[in-house]
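Heads up, the thing below is written out as structure tokens.
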Amino acid sequence: GWGYAAPAIIDAMHRIRAPFSFGIGAQRAAIAALADTDFVARSREHNREWRGWFARAVDAIPGLRAVPSKANFVLVTFDGALTAEVAYQALM
């Protein structure tokens, strides 16, 4: 894209923009993939099923909590003194 703004605004935009830009080829591939509605539907169902499985597995570990999500990711919070290593071992 292209933009015109005061230098301070452009500087702020550079600090919050995504770290990776996508070329026109990648953009065209993404548009084509979205047109494959069967694939999109299967992907949504797959994500819904495994997101739920993962959230239940996380919630079963004392000290971890899965934040309810409708996205293709799950935010996991650490409640209490649980360490990342203990959480990792429990998830394994």
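Restricting attention to segment 5-23, the residues that are open to solvent by less than 100 Å² (accessible area, probe 1.4 Å) and either at positive phi or hydrophobic (A, V, I, L, M, F, W, C) (or both) total 7.
Scanning segment 69-86 for residues that are in contact with a Leu (Cβ under 8 Å, 6 or more places away or on another chain), more than 14 Å from residue 56 (Cα to Cα) and surrounded by 10 or more Cβ atoms within 10 Å (Cβ to Cβ) yields 78, 82.
For segment 13-54, a tally of residues being among the aromatic types (Phe, Trp, Tyr) and more than 21 Å from residue 69 (Cβ to Cβ) returns 3. Among the residues of segment 34-52, are any surrounded by 12 or more Cβ atoms within 10 Å (Cβ to Cβ) and in contact with a Ser or Thr (Cβ under 7 Å, 6 or more places away or on another chain)? There is at least one residue in segment 34-52 that is surrounded by 12 or more Cβ atoms within 10 Å (Cβ to Cβ) and in contact with a Ser or Thr (Cβ under 7 Å, 6 or more places away or on another chain). Close Cβ contacts (under 6 Å, 6 or more residues apart or on different chains) running from residues in segment 70-92 that are within 22 Å of residue 50 (Cβ to Cβ) and among the aromatic types (Phe, Trp, Tyr) to residues that are in a loop (DSSP other than H, G, I, E, B) and at pLDDT 85 or above are absent.
The values are calculated or read from the model by the stated rules, or taken from the named source; none is laboratory data. On a predicted model such as this, the values are computed, not experimentally measured, just so you know. Cβ sites come from the backbone with ideal geometry, for glycine too, and all protein chains shown count toward neighbours. Please note that ligands, DNA and RNA were not included when accessible areas were found on the heavy atoms of the full protein model with its side chains. Shrake-Rupley method; radii C 1.70, N 1.55, O 1.52, S 1.80 Å.
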